[in-house]
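Asker: Below: one structure in structure tokens.
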Amino acid sequence: MRKAFEYLLIGQGLAGTSLAVHLQDLGASVAVMDDGRDQSSSRVAAGLYNPVTGRKMVKTWMADLLFPYLVDYYKRMEKLTGKEFLHERPIYRPFISVEEQNEWMGKSASPEFASFVEDVYQKKNIAGVQDPFGGVLLKQSGFLNIPAYLDAMQDYFRQQDTFIKETFRPEKLELTSEEAQYGEIRAKKVIFCEGTFGAANTFFDWLPFRPVKGELLEVTMDTTFPAIINRGVFVLEIRKEVFRTGSTYDNHHPDWLPSDKGRAQILEKLEQLLDNRPEVLRHYAGVRPATADRRPIAGWHPEHRTIGLFNGLGTKGVTLSPWFGKHLAGHFHEEKPLLGDVNISRYFSLY
Ligand SMILES: Cc1cc2nc3c(=O)[nH]c(=O)nc-3n(C[C@H](O)[C@H](O)[C@H](O)COP(=O)(O)OP(=O)(O)OC[C@H]3O[C@@H](n4cnc5c(N)ncnc54)[C@H](O)[C@@H]3O)c2cc1C
């Protein structure tokens, strides 16, 4: 393996993978280091991308830019690796009242929502779903099989001989104003993309990370749906009669373990959403790398200009990582300005 690179990226989750690809697009030489932790957010996540979210059903931040780009990006990666991982699929959200139905009849025609709404149904539409008032069918949505994507990209980096399976230890890093030395590897810049684990990195532990635990179930039911169903919980068919469902949100979690409370919460919401009673096959948990203002944090370290960060993808890594990987590559490699909402400089006063 070569020993000198322009960039050494630490972490090959959604953040590190996209940044590596986009830096390479600009002609940079990039090495990626990852230690393959099973419980990384990217390995646990459901993988949904959904342009209209939340209890109040608002358009996702920057949706008009992020959604078209993510489809182009993941399809390009499918072509590059010869593997399939992007599944474009509509999301159906049942209404709970006539008022909500009326609200969506109006909203669906507005320029703000038109490109994300496939149809609005005013009466029961999907068998097995509790939707007496109909629902809204969203488009530009679906899910990414994240482990398949990350594995395919890791194989691609390995073929280039630029992947290092190792745990990065900050105390081993030697910095000068010109470059960084890590063992035998020399790099002009080191960019940390460590997700939730990055909160313990001594270069960035002053940032306001606010990790959010999430739990998911894999269940079996003797049914099928023409869309991902989403109200309170999502129900995503991953293979015949097997569905992924969740997730919970817990800001005060004591651990990373699946809990009885989390399982009960998901099953209760499923009961309100579906006619079927599912049988649980698997229960798992992870912790999302969220931040105080729910925006990514990215840019150069305030003191060490050889060190950068791409973190804080929170609940939406599948949606955010493609466009922001490109945006950040432009900033790191071509000194293009960074969007203020994600710029690490908004927190420099905490350093
Ligand atoms: C239950 C749950 C459900 C979710 N559902 C969705 C969803 O449906 N849609 C969506 O978009 N997002 C979802 N998310 C959020 C999504 O998983 C995250 O936004 C995203 O995966 C974060 O990616 P990341 O690359 O920043 O971090 P991570 O995925 O944590 O990746 C960091 C990588 O860095 C490696 N690493 C860390 N430290 C070191 C070190 N010192 N040395 C070497 N390697 C290191 C880790 O092994 C890991 O591979 C969910 C998260 C959870 C927990």
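The values are calculated or read from the model by the stated rules, or taken from the named source; none is laboratory data. Owing to the predicted nature of the structure, the values given are computational and were not obtained by experimental measurement. For neighbour counting, all protein chains shown are included, and Cβ atoms are generated from backbone atoms with ideal geometry for every residue, glycine included.
Asker: Since residue 42 meets every condition but one in (1) within 30 Å of residue 183 (Cα to Cα); (2) at pLDDT 95 or above, which condition does it not meet?
Answerer: (2)
Asker: Which ones in segment 1-25 are in a strand (DSSP E or B) and within 6 Å of the ligand (Cβ to nearest atom)?
Answerer: The one that is in a strand (DSSP E or B) and within 6 Å of the ligand (Cβ to nearest atom): 10.
Asker: As an exercise: evaluate residue 136 against (1) farther than 15 Å from residue 58 by Cα; (2) among the hydrophobic types (A, V, I, L, M, F, W, C); (3) modelled with pLDDT of 95 or more and give the number of the one condition it does not meet.
Answerer: The number of the failed condition is (1).
Asker: Here is a further query. When you scan segment 26-62, how many residues do you find that are without any contact (Cβ under 8 Å) to a residue 24 or more places away in the chain, surrounded by 15 or more Cβ atoms within 10 Å (Cβ to Cβ) and either among the acidic types (Asp, Glu) or within 8 Å of the ligand (Cβ to nearest atom) (or both)?
Answerer: 0
Asker: Filter segment 220-271 for residues that are of a type in the set (Asp, Glu) and either over 20 Å from residue 146 (Cα atoms) or in contact (Cβ under 8 Å) with a residue 60 or more places away in the chain (or both) and give the result. Break it down stepwise before answering.
Answerer: If we filter segment 220-271 for residues that are of a type in the set (Asp, Glu), which is where we start, we get 222, 237, 241, 250, 255, 260, 268, 271.
Correct list: 222, 241, 250, 255, 260, 268, 271.
Asker: Turning to a different aspect of this structure: Does residue 217 meet the test of being within 15 Å of the ligand (Cβ to nearest atom) and either under 26 Å from residue 302 (Cα atoms) or touching a residue at least 40 places away in the same chain (Cβ under 8 Å) (or both)? Even if it seems obvious, please write down each step before you answer.
Answerer: Working: within 15 Å of the ligand (Cβ to nearest atom): yes; either under 26 Å from residue 302 (Cα atoms) or touching a residue at least 40 places away in the same chain (Cβ under 8 Å) (or both): yes.
Against the criterion (within 15 Å of the ligand (Cβ to nearest atom) and either under 26 Å from residue 302 (Cα atoms) or touching a residue at least 40 places away in the same chain (Cβ under 8 Å) (or both)), residue 217 qualifies.
Asker: Let me ask you something else. Go through (1) touching a helix residue (DSSP H, G or I) at 6+ places or on another chain (Cβ under 6 Å); (2) within 11 Å of the ligand (Cβ to nearest atom) and name the single condition residue 232 misses.
Answerer: Among (1) touching a helix residue (DSSP H, G or I) at 6+ places or on another chain (Cβ under 6 Å); (2) within 11 Å of the ligand (Cβ to nearest atom), the lone unmet condition for residue 232 is (2).
Asker: Taking residue 243 as the residue in question, decide whether it is within 16 Å of the ligand (Cβ to nearest atom), crowded, with 22+ Cβ neighbours inside 10 Å and farther than 30 Å from residue 189 by Cβ.
Answerer: yes
Asker: Being among the hydrophobic types (A, V, I, L, M, F, W, C), in contact with a helix residue (DSSP H, G or I) (Cβ under 9 Å, 6 or more places away or on another chain) and more than 15 Å from the ligand (Cβ to nearest atom) is the filter here, so list the residues in segment 251-286 that pass it.
Answerer: 280
Asker: Sort through 124, 107 and tell me the only one that's within 24 Å of residue 49 (Cβ to Cβ) and either surrounded by 14 or more Cβ atoms within 10 Å (Cβ to Cβ) or out of contact with any strand residue (DSSP E or B) (no Cβ under 8 Å at 6 or more places or on another chain) (or both).
Answerer: 107
Asker: Next up: Considering only residues that are in contact with an Asp or Glu (Cβ under 7 Å, 6 or more places away or on another chain) and on the phi > 0 side of the Ramachandran plot, which ones fall in segment 209-266?
Answerer: Selection gives 241, 246.
Asker: Let me ask another. Working only within segment 137-186, note down all residues that are within 15 Å of the ligand (Cβ to nearest atom), more than 20 Å from residue 13 (Cα to Cα) and buried (at least 16 other Cβ atoms within 10 Å of the Cβ).
Answerer: Passing the criteria: 138, 140, 141, 173, 180, 182, 185.
Asker: State yes or no: is residue 80 under 13 Å from residue 318 (Cα atoms) and either modelled with pLDDT under 90 or not acidic (Asp, Glu) (or both)? It would help to see each step written out before you state the result.
Answerer: On the way: under 13 Å from residue 318 (Cα atoms): no; either modelled with pLDDT under 90 or not acidic (Asp, Glu) (or both): yes.
So residue 80 fails the test.
Asker: Separate question: Considering every residue within segment 100-112, establish whether at least one is at positive phi and out of contact with any Asp or Glu (no Cβ under 7 Å at 6 or more places or on another chain). Before you say what the answer is, go through the steps one by one.
Answerer: Of the residues in segment 100-112, the ones at positive phi are none.
Scanning segment 100-112, I find no residue that is at positive phi and out of contact with any Asp or Glu (no Cβ under 7 Å at 6 or more places or on another chain), so the answer is no.
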